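The values are calculated or read from the model by the stated rules, or taken from the named source; none is laboratory data. These numbers were taken from a predicted model, which means no experiment stands behind them. Heads up, the Cβs are rebuilt from the backbone with ideal geometry, glycines too, and the neighbour counts pull from every protein chain shown. Heads up: the accessible areas ignore ligands, DNA and RNA and are worked out on the full protein's heavy atoms, side chains in. Shrake-Rupley method; radii C 1.70, N 1.55, O 1.52, S 1.80 Å.
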Amino acid sequence: MLSPHRLIGRRLSVVAAAVLFAACVPPVTTAADDAGASSRSKSSPNVLLIVTDDQGYGDMGCHGNPWLKTPNLDTLAAQSVRLTDYHVDPICTPTRSALMTGRYCTRVGAWDVVIGRQMLRHDETTMAQVFRDSGYRTAMFGKWHLGDTYPYAPRFRGFDDVFCHRAGGVDEIGNPPENDYFDDTYFRNGVAESTTGYCTDVWFDNLLGYLDDHQASVSGATSRPPFFVYLPLNAMHSPFRAPEEAWRPYAEMGIEAERAKFYGMIANFDANLGRLMTALEKHDLAEETIVIFMSDNGTAMGSTGTEDDDGYNAGMRGKKGSVYDGGHHVACFVRWPDGLPADVDVDHLTCHRDWMPTLIDLCDLSPPKDVTFDGHSMAAILKDPNAAWHDRKLFVQRQGDQPVCMLQPGAKRRKPNYAVMTQQFRLVNGQLFDIESDPGQRVDVADRYPDIVDELSAAYREHFEDVYGIDATEGDERRTTDPTGDGGVPFTRFMVGPGPYASTLMTVRDWHPTKGGVIWQQPQLADDDLWIQGFWALDVKQAGRYRVKLSRYPDQRNRSMQYDRVELTIGQRTWSQSLDRDDTAAEFSVTLPAGESLVKTRCIDSQAGKERGAYYVRFEHLAE
């Protein structure tokens, strides 16, 4: 079976010939025009970074998918430098945190999608901050998933303009409960705003409006400030919903319903990508804009990721969430007519952390002070695929609230949780695969290369201790640790206080679980069979009085909680309150000292004889 990067090379030799004729043709310019535009755009090109959600390497026509039609994405691929051995993290928040910082997700505090480990530490420098500090206008449209409160939300992380949903999906807890991908309510610079239409169409409509405004800002000889726009889409994340005209053709092929709708989401994205590329041409921005396309992890629905796959995954093992290549080896195309070659492959081992230093080089940005990147600049190999590139080891891992280093987890662990990558090998929980001869990762060659296994195992242990700052030697013996105990990885804390901290909402999806895990889907709020519990890590920035509101449902629902008593514990102090079962919320007025503490709640149902934690907790600072 051909490796994924061989598949793409073979496929594009056909695609390029057919698709390039369909590509938008740049307007004719004079030599003088070219010289002036080239000088400006090469020093400060615009940058458009597109990240789709849950679209795997095989979920596009140019990578050989036998059903899916993606003509605009195929065209972009044919016009781009293609990174054929490009890796992200296996799930979305970790990829986004690493992409925005150029550092391992495990180093910056955001290595999960919930459990309080989805917030990017406030002292990390983001890509948007670097662009803005270098004179760029910055904007974001779509899915952030790195924290929704101050100082974690995108409007506080370097973006001048933000239009986004909250949490990890438009319909998840933390968003308006009516959201369902159509006619949703999103947030423009923190203020709720109703929309009309399908979510992906809405994000692109706002991006195209931004480009129109950018063009309109040009007057006379006034030069346009360059822009950095981040477009992280919530599609193709479940639930799989798309306009019927997008998914119906796939259902009519006999593809099962959920996959047909997943493909319909991709088809809708592809149509919007075509709109975007046409708009760049219309505004004379196509030549001077770096367009980067990538996904945040492997496929969610296009493949089972198994040997008897009934979908298509370009021959790879694993899918979203897996540390096999199918979970993190994704497509990455970069198009910049003014500065990079077109229709070429770069086969070196690269990753999402490489983009921060790369864009600093390509755009001549001022690098942040006192920041050490884990990624490396790809500028040289993007300009010349034959340029020298260093040998490297890359790491991916799946961890819980308190990470555990297990080089060869026992049978109780359901799935492998780490991989070490080199250009030739993949070490996956003690199994070794020669990725060049076995891209499907079917044959364990650990016995054949024991020295390689020892080298990569030692490298992973060293990496674990480096990024987490904890001793890895304990990990082989322990399954879990008490997240409230000492010696673990510090929490990324919710902050409360006056000013921008004045109103802070924490939900069940944000807590560190102590019993039964977390929930993130709106219907789960009403599940009377769920008795789960957790805590939140808090940092009170200023001592004073606070109103703390506990509820089971969001304010928009105004539903009774069906509890008889609630308790609120912050640090060493506990407050309690009796309730009528029809009460929709409980409020406490408390005086808190400045500093760090843990927040715990108990919502007691005496009829059931059980208790759960409050699903919503809002802190409001009370002026003296």
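Tabulated data for the structure shown
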{"item": "Tabulated pairs, segment 340-359, first among the small types (G, A, S), second in a helix (DSSP H, G or I) and open to solvent by less than 10 Å² (accessible area, probe 1.4 Å), C-beta under 8 angstrom, 6+ apart or interchain", "result": "A342/A78"}
{"item": "Matching option when the condition is charged (D, E, K, R), touching a strand residue (DSSP E or B) at 6+ places or on another chain (Cβ under 6 Å) and in contact (Cβ under 8 Å) with a residue 12 or more places away in the chain, among R188, R157", "result": "R188"}
{"item": "Odd one out for F373, checked against (1) in contact with a Gly (Cβ under 8 Å, 6 or more places away or on another chain); (2) crowded, with 22+ Cβ neighbours inside 10 Å; (3) aromatic (F, W, Y)", "result": "(2)"}
{"item": "Single match in A267, A331 (criterion: of a type outside the set (K, R) and touching a His at 6+ places or on another chain (Cβ under 9 Å))", "result": "A331"}
{"item": "Qualifying positions in segment 360-370 - open to solvent by 20 Å² or more (accessible area, probe 1.4 Å) and touching a residue at least 40 places away in the same chain (Cβ under 8 Å)", "result": "D364, S366, P367, P368"}
{"item": "Check on D391, among the acidic types (D, E) and either open to solvent by 40 Å² or more (accessible area, probe 1.4 Å) or without any contact (Cβ under 8 Å) to a residue 40 or more places away in the chain (or both)", "result": "yes"}
{"item": "So W203, is it within 24 Å of K320 (Cα to Cα) and open to solvent by 10 Å² or more (accessible area, probe 1.4 Å)", "result": "no"}
